[in-house]
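The values are calculated or read from the model by the stated rules, or taken from the named source; none is laboratory data. These numbers come from a predicted model, not from an experiment. Note that we place each Cβ from the backbone using ideal geometry, even for glycine, and neighbour counts take in every protein chain shown. Side chains included, ligands, DNA and RNA excluded: accessible areas come from the protein's heavy atoms. Shrake-Rupley method; radii C 1.70, N 1.55, O 1.52, S 1.80 Å.
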Amino acid sequence: MNLHDQPTYGSMIDWLPLALIILLTVAYLAAAYAQRHKAAHWSGWRSVFFILGSLLLAVAVAPPLMAWAHHDLVGHMTLHLVIGMLAPLAWVLAAPITLLLRTLPQAGGRRVAALLQSGFVRVVSHPISALVLNIGGMYVLYLTPLYAASLHNQALHYGVHLHFLVAGYLFCWAILAEPDVSPHRLSLRFRLGVLFAAIATHSLLGKLMYGYGWPRNTGHSLEEIQAAAQLMYYGGDLAEVLLAVVLLTLWLQRPVAQRHALI
């Protein structure tokens, strides 16, 4: 890999993701503040979760961290865990769609509600589809030349991380199915089954990377690839176990009659 061919990070446009995160956070907090006088006031814990997710993302997309991740596969995998697993979980728990529906005028709310019931959203928000987008996307990235190509294309590098964020958000939402109401009414048993499948396939990818030295043709040493694979294996398991704990906690908070109906 020729270092002179690699893009650098630190120009004004590289700060754009951070600026967008700040704008989204300010908009969320302003909308939450506007709910303070309403009968069904907005939970402060939801705002805390959104801030937590934003802080994780802000650190991850800062140009110095992006530059590290671009040249170091362990750094890339670290940001993958933050952007694709931890930050999306925090944002899902913040219920941004519910807040948006409460904030928009009636006409805008109807349009958002219609979008949520559209065929496209129903497909991508199904646990199996979200699993394919999330874990399947990782297989495509690391077991094909896509990762190597992203090392020479800054837009593709950012595109990969955007996919991590969107796919991770959809997967967390599909598994939890709350606090934003999911378009699907699926049993707890089914969602746990999909989550366990995600843990298994995620772990398998880590083993393939460790044993066969994927991704290849990247200039990374085998030792670096294996260290990144170990981080994916153990870090991914921890993140998905955390998701399972959150799922079961939310389920236990429901009335007993609802729990039995959702099993």
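Observations, loosely collected:
- Of note, VAL194 does not satisfy the criterion of being surrounded by fewer than 16 Cβ atoms within 10 Å (Cβ to Cβ) and among the β-branched types (Val, Ile, Thr).
- Filtering segment 153-192 to residues that are basic (Lys, Arg) and part of a helix (DSSP H, G or I) leaves ARG189, ARG191.
- Among the residues of segment 193-217, just one is among the aromatic types (Phe, Trp, Tyr) and assigned to a loop (DSSP other than H, G, I, E, B), namely TRP214.
- Residues that are assigned to a helix (DSSP H, G or I) and open to solvent by 10 Å² or more (accessible area, probe 1.4 Å), drawn from segment 135-152: GLY136, GLY137, TYR139, VAL140, LEU146, ALA148, ALA149
- Taken over segment 142-184, the criterion of being modelled with pLDDT of 95 or more and either in contact with a strand residue (DSSP E or B) (Cβ under 9 Å, 6 or more places away or on another chain) or among the aromatic types (Phe, Trp, Tyr) (or both) is satisfied by TYR142, TYR147, PHE164, TYR169, PHE171, TRP173.
- Single match in LEU222, LEU205, LEU248 (criterion: hydrophobic (A, V, I, L, M, F, W, C) and crowded, with 16+ Cβ neighbours inside 10 Å): LEU205
Okay, residues lined up against (1) over 20 Å from LEU79 (Cα atoms); (2) out of contact with any Leu (no Cβ under 7 Å at 6 or more places or on another chain):
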site	(1), (2)
LEU115	yes, yes
VAL121	yes, no
GLY168	no, yes
ILE175	yes, no
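- Pick from segment 171-191, criterion open to solvent by 40 Å² or more (accessible area, probe 1.4 Å) and of a type in the set (A, V, I, L, M, F, W, C), ranking: farthest from VAL112 (Cα to Cα): PHE190
- When segment 85-128 is limited to residues that are part of a helix (DSSP H, G or I) and of a type in the set (S, T, N, Q), the one that is surrounded by the most Cβ atoms within 10 Å (Cβ to Cβ) turns out to be THR103.
- GLY168 vs. criteria open to solvent by less than 10 Å² (accessible area, probe 1.4 Å), more than 25 Å from ARG46 (Cβ to Cβ) and of a type outside the set (D, E, K, R): no
- Neighbours by Cβ (under 8 Å, 6+ apart or cross-chain): first from segment 62-77, free of Cβ contacts under 8 Å to residues at least 12 places away in the same chain; second aromatic (Phe, Trp, Tyr) and open to solvent by less than 40 Å² (accessible area, probe 1.4 Å): none
- In segment 48-82, of all residues being modelled with pLDDT of 95 or more and aromatic (Phe, Trp, Tyr), the one that is least open to solvent (accessible area, probe 1.4 Å) corresponds to PHE50.
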